[in-house]
Amino acid sequence: MGCLWVSMGCLWGVYGSLWGLYGSLWVSMGCLWVSMGCLWVSMGLYGVSMGLYGVSMGCLWVSMGSLCVSMGLYGVSMGLYGVSMGLYGGSMGLYGVSVGLYGVSVGLYGSLWGVCGSLWGVCVSLWVSMGSLWGSMGLYVSLWVSLGLRVCPRGLTVAPPPADHTLRFYWWREGGRLRPFRCCRARDVGWSVLDVAFSPDGAHCLYCSWSNYVHVYDIYGDGDTHTALDLRPEERRFAVFSLAVGPDGREVLGGGSDGCIYLYDREVQRRTLKVEAHEDDVNAVALADAGGQLLLSGGDDGVTRAWDRRCLGQDRARPVGLLTGHRDGVTFLHTRGDGRYVVSNSKDQTAKLWDLRRPAGPASWDYRWQRAPRRALTSPPLPGDSSLMTYRGHVVLNTLLRCRLAPPSGDGGGQYLSAGCATGAVIVYDVLTGRPVRRLTNHSGCVRDVSWHPQGGALASASVGGA
């Protein structure tokens, strides 16, 4: 029995060894599976890394694509720039061609004037509505400066170009033909001659500039006689912007850059009156009546003031009437000498007709406190506007442009008002309706002054450019 049990123990030992081997086999298989798992993990990590590498490469290609797109857009923009430069070159070429054509036209124009014999180089633009009127009227005098124009019934024209300040006189024949008469050099001219006027008999012309003096030139004298009228202003830099001569030729009225109006008596040879009329430049003066007792002044404050000479002996002179309604400075005044009506031109792009018998009250308007825009092309009338009619359609820029009423004895019975325009045109208005009836466009530069024939029917104009 003991041996049996020993045999059984050995059998069980062998059997246990088999199970041990079998367990070792399973352990080996487990290790194998673990190794395979680690391998798969490694392969997964490798796949992940390859995926990240692919993503990086994709981003790189995206960046390269964006760079290519940017380069393409840059190329397109450079192409457009090249096209624009080509167009610019083409436009410059056309500009060069136009300049060349302009030069040719100027040359032809100069040749034409050389053939015509215009030795003085002066061009006067005239519009004659009644051609036969010139022959029946005879001759008349017109004074044309670089910034002004005057007409006087004596048959002589004087025209100074702005370059050399020379006054050139011409006989004005029928049809607007000019024949040189004489010339003289204006005295004491600062920058340019600002205004001119004739004596009533047409024997003297008066001119003013940036100077303390108004000069009187004897047109028919034997020598080159210029008489200086010293206004004795207090300011060092002084100019007379506007002139008017009394009905007997004895007194001269001037508007100064110091805001004062001056009256000079040629017989006693001294200044007889100085009135502080405006706070800024006095751009325009005029005599309203035939006796020379009612003086008018227009300034940069936009107000036209009327002065009675019989009331100017007081310590503090006061105007007898105000004409208010302009939104900007007054550039010119023109009357017929009847003591009733005056027309004013202004920087607010309007001209106005006034009745001197209906002035505004002294306290009804003050431009010092009521500021207004510099341009009011379509603005309604301002409070206190006492004008009879407002004329719109001409442009007032660059210089003191002027307007004038047609003489009542002429064609149309004085129904028209002419005004210079900065666009190079002359605008003719109907005085009664205020509407433009003619637009004359022969000038290329700013038309500063216009002047009617004494009997009407014809109009002369002068531009800043010398035409």
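Computed from the coordinates by the stated procedures, all read-outs in this text should not be read as laboratory data. For clarity, every value in this text was computed on a predicted model and none was experimentally measured. Here the Cβ positions follow ideal geometry from the backbone for every residue, glycine too, while neighbour counts run over all protein chains shown.
Observations, loosely collected:
- Residue exposure proxy: 215, 443, ordered by other Cβ atoms within 10 angstrom of their Cβ from fewest to most, comes out as 215, 443.
- Arranged from fewest to most other beta-carbon atoms within 10 Å of their beta carbon, 26, 171, 307 become 26, 171, 307.
- Going from the residue with the fewest nearby Cβ atoms within 10 Å to the one with the most, 427, 219 rank 219, 427.
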